[in-house]
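Engineer: Structure provided below as structure tokens; questions to follow.
The values are calculated or read from the model by the stated rules, or taken from the named source; none is laboratory data. Predicted model only: the values in this text are computed from it and were never measured. Every residue, glycine as well, gets a Cβ built from its backbone with ideal geometry; the counts of neighbours run over all protein chains shown. Keep in mind that these areas ignore ligands, DNA and RNA; they rest on the heavy atoms of the full protein, side chains included. Shrake-Rupley method; radii C 1.70, N 1.55, O 1.52, S 1.80 Å.
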Amino acid sequence: MEVFLGVPAADGIGIGTAFVIPDSVKRAIPQHRIKIDELADGWKRFEQAIQSVTLDISRNLETLSADNPNSKIQRDVFETYILMLGDPVFLDETKKFYENELFNIEYTVQFKAEEYANRLRNAGNDYLAERAKDITDVFGSVLNEMLDIHPFDINRVPDGSIIVANTLSSADTIVLSKRKISGLALTEGGVSSHVVILARNYGIPTIVGLNDISKKIKNGETVIIDGNNAELLVSPDKSTVLEYKQKLHDDFQKKQQLKAFLDKPACTIDGTQFKLYANIGTPEEAEIAMAEGADGIGLFRTEFLYMSETGGSIHAAARTFSEDSQFAAYKKVLQIMEGKPVTIRTLDAGGDKLINSVDIPIIEEKNPLMGMRAVRLSLAYPQVFKTQIRALYRASVFGNLKIMLPLITSVEQVESCLKIIEEAKQELSDQGIPFNADVPVGIMIETAAAAIISDCLAKKTAFFSLGTNDLTQYTLGIDRENHAVAPLYDEFNLAVLRLIQTTVANAKKENLPLSVCGEMAGRPDSVMVLCGMGIRHLSMSPKLICQTKELLSQFSIEELEAISLKKLNKF
């Protein structure tokens, strides 16, 4: 037996077989001139690649049940791909360009696919715009075949696996959550990375900071992952397996005991009450929130809807996440929550959360976490933002909706967003579409700038929500996805705590509702500090709600205030 030590990221124990995910290979297309006598060989390779990709897609199509409505989207995609691969007009244009310009076949295919896709994008038609990404995606598969590049398909991972990888995308984590994964063992990623946050939401034990782990473990080896102690045990003996099976049983018993708090309010020994909300990324997670006794949804991360839209990995074809699609998702969450408050955050894409959408290009940036992301992206692409706002207001008649704007750094950003929101509301009114005009619009306080001017922002918004993950990251200048600087990521840093304290004080002056939706809201040590600072609304992974209720029931508010004061005066 070999034991690897990492950094604890998501609690829990898992026993299963290792499934090692290889690093992705970036496709580089060569460009050079060829001789006339090389034309036939190049075109033959192109035709063979088309045949191979078509056969592969046809096999995937055969695996989809015609009676299953959940397979319809993927079936439509596959059928579209097959039609495009055999499109005589495209093939004729490509062959003429190839023979006239004498560029190598790989460059020719990429050039013509992009040219055709641009024509569709500029046609001014949403349906054709979607087909543009289909073109680049399916002929990208043809190019991969020609260059002997075979991207890994996350859908191949079997149930019960413990995933071993250098890194995973948030989109791939969403796919894995539906496969009953027993654990994640990763080289990269911090304890507050979005992959880890998703793993916690789905109850997947996770360890990060395992150096080059994917090179040290083989597929099929028996593996035990201990997220509580950050240990990965490879090829354990029988006695160790029995020991951890007992631990799994004990964990199950503990969870059963915590169910006693399901229908109880969250309060301290002396009766101070709190509201505990859930953080979710998909409508299905709202059902988990209700089952875990959440008082509502404190954060619905809508960017994960884009990531999971195709039902496949980030390599799948991009889609326009239409107003109707969004409306259906928001309506479903509001109905599931049965009148409990639901705070939905507008698109927080960019940075480390790349979405596969034809509406928003993936921008190459030297420092993406400091670049075009969140509300900046929404204001740069106002039609995308307005589409989301229209969908949100249409859904508002089905429940208790609140809208939240991410990564605000100025009063002007809030004013620009509110202007677009008013335009969307006027459009809905003119079209006779019912909506609740009084939906509260709040903001996230997740930068030092927002915390420092929170007195000004409080006059422009309906509520605050503290995003402590980014607040810590930006205040300390630490990339929370980078395990190399993970030891420096400290939410108890005095600078972070003082910014939280400033925000709490300014919200109180304006009688503005305030909650915390970052990872601090779900960890026992930070829950005590936050509650002692006067925060009464916390939003966390649904599975942490009962244990947080149990924790609060063991303290008086005076004791929590003393714990908080000690942290704030530690220097």
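Engineer: Please verify whether residue 462 is open to solvent by 30 Å² or more (accessible area, probe 1.4 Å), out of contact with any Ser or Thr (no Cβ under 7 Å at 6 or more places or on another chain) and farther than 22 Å from residue 370 by Cα, treating the condition exactly as stated.
Structural biologist: Judged against the criteria, residue 462 is a match.
Engineer: Going through 479, 470 one at a time, which residue ends up being touching a Leu at 6+ places or on another chain (Cβ under 9 Å), open to solvent by 10 Å² or more (accessible area, probe 1.4 Å) and among the charged types (D, E, K, R)?
Structural biologist: Going through 479, 470 in turn, the sole match is 479.
Engineer: OK, next. Against the conditions (1) in a loop (DSSP other than H, G, I, E, B); (2) closer than 30 Å to residue 441 by Cβ, where does residue 527 fall short? Just the number, please.
Structural biologist: Exception for residue 527: condition (1).
Engineer: For the structure I just gave you, tell me whether residue 438 is surrounded by fewer than 17 Cβ atoms within 10 Å (Cβ to Cβ), closer than 30 Å to residue 212 by Cβ and of a type in the set (Asp, Glu).
Structural biologist: Answer is no for this residue.
Engineer: Out of all the residues in the range 362-380, is one or more at pLDDT 95 or above, among the small types (Gly, Ala, Ser) and within 30 Å of residue 294 (Cβ to Cβ)?
Structural biologist: The answer is no; no qualifying residue exists.
Engineer: So, residue 310, is that one open to solvent by less than 80 Å² (accessible area, probe 1.4 Å), at pLDDT below 95, more than 17 Å from residue 333 (Cα to Cα) and among the β-branched types (Val, Ile, Thr) or not?
Structural biologist: yes
Engineer: Which ones in the range 482-509 are in contact with a Gly (Cβ under 9 Å, 6 or more places away or on another chain), buried (at least 20 other Cβ atoms within 10 Å of the Cβ) and among the small types (Gly, Ala, Ser)?
Structural biologist: Of everything in the range 482-509, just one residue is in contact with a Gly (Cβ under 9 Å, 6 or more places away or on another chain), buried (at least 20 other Cβ atoms within 10 Å of the Cβ) and among the small types (Gly, Ala, Ser), namely 486.
Engineer: Go through 254, 247 for me and flag whichever is surrounded by fewer than 14 Cβ atoms within 10 Å (Cβ to Cβ) and within 22 Å of residue 523 (Cβ to Cβ).
Structural biologist: 254
Engineer: So, one more: Would you call residue 403 of a type outside the set (Lys, Arg), in contact with a Pro (Cβ under 6 Å, 6 or more places away or on another chain) and over 19 Å from residue 504 (Cα atoms)?
Structural biologist: Judged against the criteria, residue 403 is not a match.
Engineer: Among the residues in the range 41-63, are any polar (S, T, N, Q), more than 30 Å from residue 486 (Cα to Cα), loosely packed, with under 12 Cβ neighbours inside 10 Å and at pLDDT below 85?
Structural biologist: Checked against the condition, which is being polar (S, T, N, Q), more than 30 Å from residue 486 (Cα to Cα), loosely packed, with under 12 Cβ neighbours inside 10 Å and at pLDDT below 85, the range 41-63 yields at least one hit.
Engineer: While we're here: Restricting to the range 138-170, count the residues that are surrounded by fewer than 18 Cβ atoms within 10 Å (Cβ to Cβ) and at pLDDT 85 or above.
Structural biologist: Qualifying residue count, the range 138-170: 2.
Engineer: Still on this model: Looking for whichever is assigned to a strand (DSSP E or B), modelled with pLDDT of 90 or more and more than 29 Å from residue 348 (Cβ to Cβ) here; the options are 248, 242, 258, 233. Which one fits?
Structural biologist: Details: 248 fails: assigned to a strand (DSSP E or B); 242 fails: assigned to a strand (DSSP E or B); 258 fails: assigned to a strand (DSSP E or B).
So the residue among 248, 242, 258, 233 that is assigned to a strand (DSSP E or B), modelled with pLDDT of 90 or more and more than 29 Å from residue 348 (Cβ to Cβ) is 233.
Engineer: A further question on this structure: Let me spell it out: the conditions are (1) assigned to a helix (DSSP H, G or I); (2) within 31 Å of the chain's Cα centre (by Cα), and residue 492 meets all of them except one. Which number is the exception?
Structural biologist: Every listed condition holds for residue 492 apart from (1).
Engineer: Looking only at the range 364-411, which residues are hydrophobic (A, V, I, L, M, F, W, C), open to solvent by less than 30 Å² (accessible area, probe 1.4 Å) and not in a helix (DSSP H, G or I)?
Structural biologist: 401, 403, 404, 405, 407, 408
Engineer: Against the condition open to solvent by less than 10 Å² (accessible area, probe 1.4 Å), of a type in the set (Ser, Thr, Tyr) and touching a residue at least 60 places away in the same chain (Cβ under 8 Å), how does residue 272 come out, does it pass?
Structural biologist: Numbers: open to solvent by less than 10 Å² (accessible area, probe 1.4 Å): no; of a type in the set (Ser, Thr, Tyr): yes; touching a residue at least 60 places away in the same chain (Cβ under 8 Å): yes.
Judged against the criteria, residue 272 is not a match.
Engineer: Right, here's the next one. Of everything in the range 275-294, what is in contact with a helix residue (DSSP H, G or I) (Cβ under 9 Å, 6 or more places away or on another chain), outside any helix (DSSP H, G or I) and open to solvent by 40 Å² or more (accessible area, probe 1.4 Å)? Give them in sequence order.
Structural biologist: 292
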